[in-house]
Each structure stands twice: as C-alpha cells, then as structure tokens.
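Novice: To start, I am sharing the structure in question, which I have written as structure tokens.
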Amino acid sequence: MLSFLYIKKKLMGALLDSRKMNFNEIEGLYVDEGDFIRSNLLQLSQAATLLDVSLGYIIKQIGDYPSDIKDRVKICRAGTQFERLKVVNSEPTYLYRHVMKTSADKNLMVLRTSPMFTSSEQATLNEGHLVKEIVYILSGVVGVLWRNGTGERRNEILSAGDSIYIDSWVSHSFYSLEADSQILAVDYL
C-alpha cells in the first residue's frame, strides 16, 4: 500500500517556479486537490529527477524547516550552488547558475544566467511565472522579448549595466547578441 503526502500547492508551485518550471512539467506525478497536491514518494522521486534536485531538497522546500541563516547571514561560495542547463526540443536554451537561494526566504532566488538563443527568431517565449523578476545585464549584449498587456510581441536590446523589471505572468525570453553574454536575475514574490 502506497502512502501519500499532501503538499501545499503554493509551496510546490514556488519550488517549480524556482527551477523555471511549472506543474505541466510534472504532469502525472501528482493529483490536484485544490489548495494541496497529493503525491507518493515514488512520484516525488521522479519529480526530483525532472527538477534535477535531490528528493531531500524537494522535501526541504515543501516542508516547514528551520532557516539556513547563521549569525543573521548566509554565504554562498563560488562553485557550490546548483547549476542546470535547460533544454527545450533538444536545444539548449539557458544555463542557470544559482547565486543565492535560502530557506529563510523561499520566495527569493538569484540566478546568473547565460541565454543560449542567439536571435529573436530563435528565442521562444516562456509562459510567464508567478515570481516577479529584476534582470541586470552583467556582460555582453542581450535581447529581451515579451508580450505586453494586449499580447503584442515586444523586443528590446540591453547592454551591460542595463536592467529590466518583469511583472508576474509576463511571457518573456532572453537571447545573446554577443558570445558569453550573462544576466543576473533576481526572482521574488
């Protein structure tokens, strides 16, 4: 007999969002029960594989655990954070490198990202996400695409030192116009 876990949908949504994913990408691994989702350990383990995280990490994110803050700060050393290459339709789209994630504020994530698209024609818009986003161009020249309030596709070119704010649920995408362009994205609720 399988035991089920009941997980607050808001917490699982935040976890998925922190990986630039949504519930569609773990379809079949849970049952929607309103404010909660129901999942068993095998299904959560399969979700962990899709998210490229450990099962323990998922459990920590969906649970109510003590803060990882020590002496009122958290320090993250270079090379110790999560890194993930996002692939869509067999094509690499973004290389995400976590700069800061803390259990003290599960709704905050800072990423150093390299867009892998090289043109506006190649870049595909995401579906948008719950979190708001501030993006700062660290290096190079980056294009940003988005859909405005009337659904019109917009395009702007940003250079090192420029920044952009993206509201919740705005479909958007970034692409590099110079090799090794990088952005710093601060995602928060």
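Novice: Kindly indicate which of Ser90, Ser54 is among the hydroxyl-bearing types (Ser, Thr, Tyr) and surrounded by 11 or more Cβ atoms within 10 Å (Cβ to Cβ).
Specialist: None of the other options fit; the residue is Ser54.
Novice: Could you identify the single residue in Gly149, Gly143 that is part of a loop (DSSP other than H, G, I, E, B) and without any contact (Cβ under 8 Å) to a residue 40 or more places away in the chain?
Specialist: Gly149
Novice: With respect to the numbered conditions (1) more than 24 Å from Asp35 (Cα to Cα); (2) in contact with a strand residue (DSSP E or B) (Cβ under 7 Å, 6 or more places away or on another chain), which one is the sole condition not fulfilled by Gln61?
Specialist: (1)
Novice: If a residue has to be under 30 Å from Leu95 (Cα atoms), in contact with a helix residue (DSSP H, G or I) (Cβ under 6 Å, 6 or more places away or on another chain) and either in contact (Cβ under 8 Å) with a residue 24 or more places away in the chain or surrounded by fewer than 16 Cβ atoms within 10 Å (Cβ to Cβ) (or both) to count, how many in region 16-43 make the cut?
Specialist: Residues that pass the stated criteria total 4.
Novice: Would you point out which residue out of Asn148, Asn155, Asn126 is under 24 Å from Val87 (Cβ atoms), exposed (fewer than 15 other Cβ atoms within 10 Å of the Cβ), of a type in the set (S, T, N, Q) and assigned by TED's automatic domain parsing to the domain that holds Asp105?
Specialist: Asn155
Novice: Looking only at region 158-170, how many residues end up being out of contact with any Ser or Thr (no Cβ under 6 Å at 6 or more places or on another chain), surrounded by 11 or more Cβ atoms within 10 Å (Cβ to Cβ) and modelled with pLDDT of 95 or more?
Specialist: 8
Novice: Can we say Leu95 is closer than 29 Å to Ser176 by Cα and touching a Lys or Arg at 6+ places or on another chain (Cβ under 9 Å)?
Specialist: Against the criterion (closer than 29 Å to Ser176 by Cα and touching a Lys or Arg at 6+ places or on another chain (Cβ under 9 Å)), Leu95 qualifies.
Novice: Could you tell me which of the residues Gly56, Gly13 is among the small types (Gly, Ala, Ser), touching a helix residue (DSSP H, G or I) at 6+ places or on another chain (Cβ under 8 Å) and outside the structural domain of Met100 (by TED's automatic domain parsing)?
Specialist: The conditions single out Gly13.
Novice: Among the residues of region 102-123, write down those that are modelled with pLDDT of 90 or more and surrounded by 15 or more Cβ atoms within 10 Å (Cβ to Cβ).
Specialist: Val110, Leu111, Arg112, Thr113, Ser114, Pro115, Met116, Phe117, Thr118, Ser120, Ala123
Novice: Of the numbered conditions (1) among the aliphatic types (A, V, I, L, M); (2) within 22 Å of Met21 (Cα to Cα); (3) not in a strand (DSSP E or B), Ile164 fails exactly one; give the number of that condition.
Specialist: All conditions are met except number (3).
Novice: Scan region 66-87 for residues that are surrounded by 11 or more Cβ atoms within 10 Å (Cβ to Cβ) and not in a loop (DSSP other than H, G, I, E, B) and jot them down.
Specialist: Of everything in region 66-87, those that are surrounded by 11 or more Cβ atoms within 10 Å (Cβ to Cβ) and not in a loop (DSSP other than H, G, I, E, B) turn out to be Glu83, Arg84, Leu85, Lys86, Val87.
Novice: Inspect all residues belonging to region 112-123 and state whether any of them is closer than 24 Å to Ser181 by Cβ, of a type in the set (D, E, K, R), under 13 Å from the mean Cα position of the chain (by Cα) and outside any strand (DSSP E or B).
Specialist: Scanning region 112-123 turns up no residue that is closer than 24 Å to Ser181 by Cβ, of a type in the set (D, E, K, R), under 13 Å from the mean Cα position of the chain (by Cα) and outside any strand (DSSP E or B).
Novice: Let me ask something else about it. Taking the residues in region 64-98 that are in contact (Cβ under 8 Å) with a residue 40 or more places away in the chain and of a type in the set (Ser, Thr, Tyr) as candidates, determine which candidate is farthest from Phe36 (Cα to Cα).
Specialist: Of everything passing the filter in region 64-98, Tyr94 is farthest from Phe36 (Cα to Cα).
The values are calculated or read from the model by the stated rules, or taken from the named source; none is laboratory data. Computed from a prediction, not measured in an experiment: that's the story for all the values here. Every residue, glycine among them, receives a Cβ derived from its backbone with ideal geometry; neighbour counts consider all protein chains shown.
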